[in-house]
Amino acid sequence: MPSFQMTAIVLLLSVMLGGSNAQLSPTFYSNTCSDVVSIVRGVLEQAVQNDIRVGAKIIRAHFHDCMVNGCDGSLLLDDDAANGIVSEKDTPPNETIEAFQIVDDIKTALENSCPGVVSCADILALGSQIGVSLAGGPTWQVPLGRRDSRTANQAGTSGIPSPLDDFDELQRKFRDVGLDDSTDLVALSGAHTFGRARCSTFSHRIGTDTTLDPTFSQVLGQICPEGGNGDVLTNLDSSTADDFDNNYYTNLQNNRGLLQTDQSLFSTAGANTVSIVNRFANSQTDFFDTFVQSMINLGNLSPLTGNNGEIRANCRRIN
Ligand code: HEM
């Protein structure tokens with residue numbers, strides 16, 4: 001075979017096989033479950049009436065899922081000794097995830113309309129977008145077509161950022177999964193514009209951390225007194241707690257980031273994240289546009305596609 005033909009075939013094959021996310025598409029379910037978006041939205045619109053945090057809970061779960069073996073629903077599996085599954089749920093970063101019931105409710109609604117079609121990994125990705133838009137954030141077309149894993153990776157949860165990580169560690173964890181350690185890091189951290197955190201995740205900063213505004217530190221000291229209950233919740237965004245907006249970034253400019261990791265994006269001397277925080281504080285449109293792209297980057301982390309994995313009937317168990 002002439003070498004140029006050979007080259008053409010190799011090129012074609014690499015385009016076809018290359019990039020495991022090449023098969024994700026917003027229209028993936030258009031022939032098999034055309035109402036997928038409205039079904040997921042319907043469940044979330046109902047749920048948010050009783051739980052303003054539902055969007056925050058689901059996007060956090062999507063992030064923790066994608067950080068371990070990619071966006072494959074591995075986070076959702078319960079312990080299952082018979083199938084060798086040691087759940088990712090029983091680890092410090094995941095013990096406080098509260099999205100499992102809402103994922104089950106969405107799955108039930110989807111199974112009623114299109115049984116065996118929509119993956120649990122896609123429920124997390126699509127639910128995140130809808131949760132963000134219900135809180136006043138951007139709307140975007142979510143690439144779909146992920147399949148669910150048949151395994152969990154409990155040890156892999158050490159790759160999920162901890163609120164005690166220093167700035168270098170934070171950047172390393174983003175780089176390790178293939179996310180950008182400046183733009184993606186700053187934009188995705190903006191999800192802390194809604195939702196809550198426990199005293200145990202930030203109380204070590206009270207009265208000791210010089211990058212914490214003294215007045216804010218006093219307020220936090222009242223919410224989380226020394227020796228008090230570490231599970232007490234407070235708002236991640238102290239200015240507009242439940243709205244998806246860019247106030248997270250103005251908080252950082254005012255030394256009112258709640259987590260040490262949040263504040264480090266602005267307060268680390270010479271860091272390349274500082275100018276990005278300033279950009280997003282100055283323009284909510286810039287934040288929203290970048291956030292959408294970074295969410296797509298997050299959702300593209302090593303999805304299972306084609307014949308890999310499965311479509312779980314129950315998000316908590318392999319089929
Ligand atoms: C950059 C590193 C990150 C660290 C260290 C971190 C850490 C944390 C911690 C400690 C909490 C509080 C958990 C609790 O006390 O229950 C939290 C909550 C939350 N995180 Fe993150 N996070 C990070 C990035 C992200 C990203 C990238 C997203 C989404 C794109 C996200 C979304 C959320 C949301 C929405 C909540 C509130 C959840 C709720 O109200 O239940 N986080 N995060």
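Read the figures in this text as sums done on the coordinates, not as results from a lab. In this text the structure is predicted, and so the values were computed from the model without any measurement. Cβ: placed from backbone, ideal geometry, glycine included. Neighbour counts: every protein chain shown.
Among ASN308, PRO161, ALA271, which residue has its Cα positioned farthest towards the positive end of the charge dipole of the chain, with +1 placed on the Cβ of Lys and Arg, -1 on the Cβ of Asp and Glu, and the dipole taken about the Cα centre?
ASN308
Does region 19-128 classify as rounded, prolate or oblate by the C-alpha gyration tensor (a ≥ b ≥ c root eigenvalues; a/c under 1.5 gives rounded; else a/b over b/c gives prolate, otherwise oblate)?
oblate
For a quick check: sort ASP242, ASP65 by the number of other beta carbons within 10 angstrom, fewest at the front.
ASP242, ASP65
Once you've got the GNM for the chain with C-alpha springs shorter than 10 Å, pick whichever of GLY195, GLY70, GLY116 has the biggest mean-square fluctuation.
Of GLY195, GLY70, GLY116, the most mobile in the Gaussian network model is GLY116.
Using only alpha carbon pairs under 8 Å that are at least six residues apart, calculate the relative contact order of region 214-296 and give it in whole percent.
After rounding, I find 21 percent.
Which one, LEU164, LEU134, LEU258, has the greatest fluctuation when you compute a Gaussian network model over the chain with C-alpha springs under 10 angstrom?
LEU164
Report the Cα-based extents of region 235-275 along its three principal axes, largest first, to the nearest Å.
Ordered largest first, region 235-275 gives principal extents of 31, 17, 13 Å.
Once you've got the GNM for the chain with C-alpha springs shorter than 10 Å, pick whichever of PRO225, PRO161, PRO143 has the biggest mean-square fluctuation.
Looking only at PRO225, PRO161, PRO143, the largest GNM fluctuation is found for PRO225.
I need LYS107, LYS89 ordered by Cβ neighbour count within 10 Å, fewest first.
In order of increasing Cβ crowding within 10 Å: LYS89, LYS107.
Going by C-beta contacts inside 10 Å, put THR261, THR211, THR183 in order with the fewest on the left.
So the ranking, lowest neighbour count to highest, is THR211, THR183, THR261.
Give the calculated FRET efficiency between SER158 and THR96 to the nearest 0.05, with a Förster radius of 22 Å applied to their Cβ-Cβ distance.
0.85
From Cα coordinates alone, what are the radius of gyration and Dmax values for region 52-115 in angstrom?
12.5, 37
Let me understand the chain better: what is its radius of gyration from the alpha carbons, and its Dmax, in angstrom?
20.4, 77
What 222 nm value per residue comes from the helices of the chain, counting each DSSP H run with n ≥ 4 as -39,500 (n - 2.57) and dividing by all residues, nearest 500 deg cm²/dmol?
Result for the chain: -13500 deg cm²/dmol, rounded to the nearest 500.
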